[in-house]
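Comments concern the structure below.
The values are calculated or read from the model by the stated rules, or taken from the named source; none is laboratory data. Just so you know, these numbers come straight off a predicted model, no measurement behind them. All Cβ positions, glycine included, derive from the backbone under ideal geometry; neighbour counts span all protein chains shown.
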Amino acid sequence: MPKATARRSRTFLDKDIFESFARAISDREAAGQKVDFTFVGLPKIEISEAEYEGKNVSVTVRFHAEVVSATRDKDGTLVEGNADQVQTIADEWTFARNPKSRDPNWKVVSTSQLD
């Protein structure tokens, strides 16, 4: 990941989430794989949970996204996904911040893929 992108990403990602994303990218690169990813749309977004605990507010959002995703090996052979078909994926992301902080940004503190 380029250094400028990594610096910006750290602003919006919890340390553990950043490290997890960076590790997945590094592992894919080490395997000689490349992902072609096209975001098509978000037909459904819903807040599934919100809470105020201690000093932080957290909001969990379910994203149902339409994407085209294909992972290819170093020879260009498709190893996962479909480069010609839109698929719907569902993720749940939790965002958190201290509402008394001067920093207006929310951080992603957890992510999970839904079935």
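Among the criteria (1) of a type in the set (Gly, Ala, Ser); (2) under 24 Å from Asp16 (Cα atoms); (3) out of contact with any strand residue (DSSP E or B) (no Cβ under 6 Å at 6 or more places or on another chain), the one Ala96 does not fulfil is (3).
Check whether at least one residue in segment 31-47 is acidic (Asp, Glu), modelled with pLDDT under 95 and over 15 Å from Thr71 (Cα atoms), and report yes or no. No - not one qualifying residue is present in segment 31-47.
From the residues in segment 25-62 that are among the aliphatic types (A, V, I, L, M), under 15 Å from the mean Cα position of the chain (by Cα) and closer than 25 Å to Asn105 by Cα, which one is surrounded by the most Cβ atoms within 10 Å (Cβ to Cβ)?
Ranking the qualifying residues of segment 25-62, first place goes to Val61.
Looking at this structure, is Ala65 in a strand (DSSP E or B), in contact (Cβ under 8 Å) with a residue 12 or more places away in the chain and buried (at least 16 other Cβ atoms within 10 Å of the Cβ)? Spelling it out, Ala65 is indeed in a strand (DSSP E or B), in contact (Cβ under 8 Å) with a residue 12 or more places away in the chain and buried (at least 16 other Cβ atoms within 10 Å of the Cβ). Contact map, segment 1-18: first residue over 21 Å from Thr94 (Cα atoms), second residue modelled with pLDDT of 75 or more, Cβ cut-off under 8 Å, separation 6 or more or different chains; pairs are Met1/Ala22; Met1/Ile25. Taking segment 68-89 as the search range and keeping residues that are of a type outside the set (Val, Ile, Thr) and surrounded by 15 or more Cβ atoms within 10 Å (Cβ to Cβ), which one is farthest from Asn105 (Cα to Cα)? Top of the filtered list is Arg72. Within segment 94-107, not a single residue is farther than 19 Å from Arg10 by Cα, of a type in the set (A, V, I, L, M, F, W, C) and without any contact (Cβ under 8 Å) to a residue 60 or more places away in the chain. Applying the set (1) out of contact with any His (no Cβ under 6 Å at 6 or more places or on another chain); (2) surrounded by 11 or more Cβ atoms within 10 Å (Cβ to Cβ) to Asp103 leaves exactly one unmet item: (2).
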